[in-house]
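The values are calculated or read from the model by the stated rules, or taken from the named source; none is laboratory data. Remember, predicted model here, so these are calculated numbers, not experimental data. Here the Cβ positions follow ideal geometry from the backbone for every residue, glycine too, while neighbour counts run over all protein chains shown. For the accessible areas, the whole protein counts, side chains as well, though only heavy atoms, and no ligand, DNA or RNA atoms are used. Shrake-Rupley method; radii C 1.70, N 1.55, O 1.52, S 1.80 Å.
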Amino acid sequence: MSVQIGMPAVRAQTPTVAARRRSRQVMVGSVPVGGDAPVSVQSMTTTLTSDVNATLQQIAELTASGCQIVRVAVPSQDDADALPQIARKSQIPVIADIHFQPKYVFAAIEAGCAAVRVNPGNIKRFDDKVGEIARAAKDAGTPIRIGVNAGSLDKRLLAKYGRPTPEALVESALWECSLFEEHDFRDIKISVKHNDPVVMIEAYRQLAARCDYPLHLGVTEAGPAFQGTIKSAVAFGALLSEGIGDTIRVSLSAPPVEEVKVGAAILEALGLRERGLEIVSCPSCGRAQVDVYTLAEEVTAGLKGFPVPLRVAVMGCVVNGPGEAREADLGVASGNGKGQIFVKGEVVKTVPESQIVETLIEEAMRIAEEMGVEVDPEGGDGAAQVVVS
C-alpha cells in the first residue's frame, strides 16, 4: 500500500458539522427561525424597558455587534406601555419577556412585538390563560417561546422529580405545548435552560427527539464572562455539532454586546456563520524565536473591525509556522528575528521582526482593496475601519 503525500491538486472542502435537525419554521418578525434558516444570535437588553431612549440605544449597539433578535423585560405596566414604541423603532425583532403577570402577554401582542417569551413556571394561573393567549397570538401572527428555566420550574414537577432534571424540564415544555396545540396553535419555539451544561445538553437532546419545534439554546445563569463563555461554548458546541439548535443566547454577567460577540464566535468556529477576522496563532513554547504573544495581540488590535473575512496566521517557529501560514489567507512564519510573509499560500517577502505587524496589516489592506473594499488603516480607535464597501 502506498500513501501519497504533498499538497492535493484541489484543496479539500472544509468539513461541516452534522446536518441540521429538521424543525418547523416560525417567523420572529423578519427573522426566520427553524427549518433551513441559519442559526441566529439573540441577546437581552439590561436597561429599564420603560426608558425607551436608553433601550433603543442599547438595541442599536447590539444590532451593530451582530445581534439578530433582542429580548426586553416587561415586569411592570410602565414597561408594557413602552413596548409599542420600542417594537416600532427597533432595527431588529423585539421579543417581550413575560413573567408573573399574564396581562403583559396580551399587552406585548397588542404592541406589535415580534414574539413573546413566557415562563409557565412562574406566571399566575398560566394554564388557565393558554386558550386566550393562543387566540390573541394566532390572530396577530405572534410566535410564543415557551421558556422553561431550572430556577423557576413548576412546583408540581419539582415535587415529581425532586429537582430540575432533564426529564422535568422537557415534560414542562411539552405539557405547555400540548395546551397550545389543543387550541390549534403551533407557532412555538422552546427553550429548556439549566445552569449546568451537562443537564442542559441532555434536556435539549431529549426535547429534540420528541418534537419538531425550533429550539432556542441557552445555559441560564452561566456566570461571569470567562466562566459563562466556557460553559456556553461547551454546551452549544455539543448540541450544534449534532444539528440541534435554531437560535442561541449566551447568558453572561457582562454587557450584552459581549454576549453577542461570544455567540457569533461560537457559530463561526462551527462553520455555521461566515467567519470574520480569525487569528491563528501558536501558544508559544521553547522553540519560539520571536515574541508571539505580543505579535498576535498587536495584529489583532490592528485589524479590529476588519470588514473582510480573513484568516491570519501568526506563528513563532519553523516547526508548524510555514504550514499554518501557508494554509491561511495571510500569515507569518517567524524565526531568528525575522518573518516570512505568506499571502494565499505564497511567500511574498521576508521582513525584520520589527516590521511584521506593519507588513501584515498592509497586506490585509491590499487584500481588502482587491475585493473592492476600501479600508482606513487609521480608524478612530487605531484599528482598521471601513470607508467604502
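Each of 347, 73, 214 was scored by the projection of its Cα onto the charge dipole of the chain, and the greatest displacement toward the positive side belongs to 214; charges sit on the C-beta of Lys, Arg, Asp and Glu.
Other residues lying with their Cβ under 13 Å from the Cβ of residue 191 contribute a combined charge of +3, Lys and Arg counting +1, Asp and Glu -1.
Taking 0.36 nm per residue of separation and subtracting the Cα-Cα distance, full extension of the segment from residue 54 to residue 24 would add 7.3 nm.
With a simple spin-label model that places each label point 7 Å from the Cα along the Cα-to-Cβ direction, the separation between residue 320 and residue 46 comes to 3.5 nm. Backbone N atoms of the stretch 233-256 closer than 16 Å to the 7 Å Cα→Cβ label point of residue 205 belong to residues 234-245. Of the listed values (1) 4, 20, 29, 26, 15, 5, 0, 0; (2) 5, 20, 27, 21, 14, 10, 3, 0; (3) 5, 22, 29, 21, 13, 6, 2, 1, 0, grab the one calculated as P(r) over Cα pairs in 10 Å bins from 0, in percent from the structure here. Among (1) 4, 20, 29, 26, 15, 5, 0, 0; (2) 5, 20, 27, 21, 14, 10, 3, 0; (3) 5, 22, 29, 21, 13, 6, 2, 1, 0, the one calculated here is (2). In this label model, residue 110 and residue 61 are separated by 3.2 nm, measuring between points 7 Å along each Cα→Cβ vector. A Förster radius of 51 Å combined with the Cβ-Cβ distance from residue 374 to residue 221 puts the calculated FRET efficiency at roughly 0.70.
The spacing between the stretch 52-68 and the stretch 144-158, judged by their C-alpha centroids, is 28 Å. Antiparallel beta bridges, as assigned by DSSP with both residues in the chain, represent about 35 percent of the total such bridges. Counting only heavy atoms of the protein chains and using a 1.4 Å probe, residue 278 has close to 50 Å² of accessible surface. The modelled label-to-label distance between residue 155 and residue 355, using points 7 Å beyond Cα along the C-beta direction, is 7.5 nm.
Who wins for biggest fluctuation among 201, 341, 188 in a Gaussian network model of the chain, springs between alpha carbons below 10 Å? Checking each option, the largest mean-square fluctuation is seen for 341. Solvent-accessible area per residue in the chain equals 47 Å², computed with a 1.4 angstrom probe and all protein chains kept. Per-residue accessible area (protein heavy atoms, 1.4 Å probe) orders 344, 155, 189, 231 as 155, 344, 231, 189, starting from the largest. Here the ratio of the Cα radius of gyration of the stretch 278-371 to 2.2 N^0.38 Å is 0.95.
Given the pairs 103/124; 103/138; 103/160; 129/189; 138/193, which are separated by over 20 angstrom at their Cα positions? 103/160; 138/193, as the Cα separations exceed 20 Å there.
Give, to the nearest whole percent, the P(r) tail of the stretch 316-358 beyond 11 angstrom, counting all Cα pairs. For the stretch 316-358, the share of Cα pairs beyond 11 Å comes to 55 percent.
Using just its DSSP H runs of length 4 or more, each adding -39500 (n - 2.57), the chain gives a mean residue ellipticity at 222 nm of -12000 deg cm²/dmol after division by all residues.
Taking amide H positions as modeled 1.01 Å from N, with prolines and chain starts lacking one, the residues under 5 Å from residue 278 and 5 or more places away or on another chain are 310, 311, 312. Rounded, prolate or oblate: which fits the stretch 152-213 when a ≥ b ≥ c are the square roots of the eigenvalues of the alpha-carbon gyration tensor, with rounded for a/c under 1.5 and prolate only if a/b beats b/c? In terms of gyration-tensor shape, oblate.
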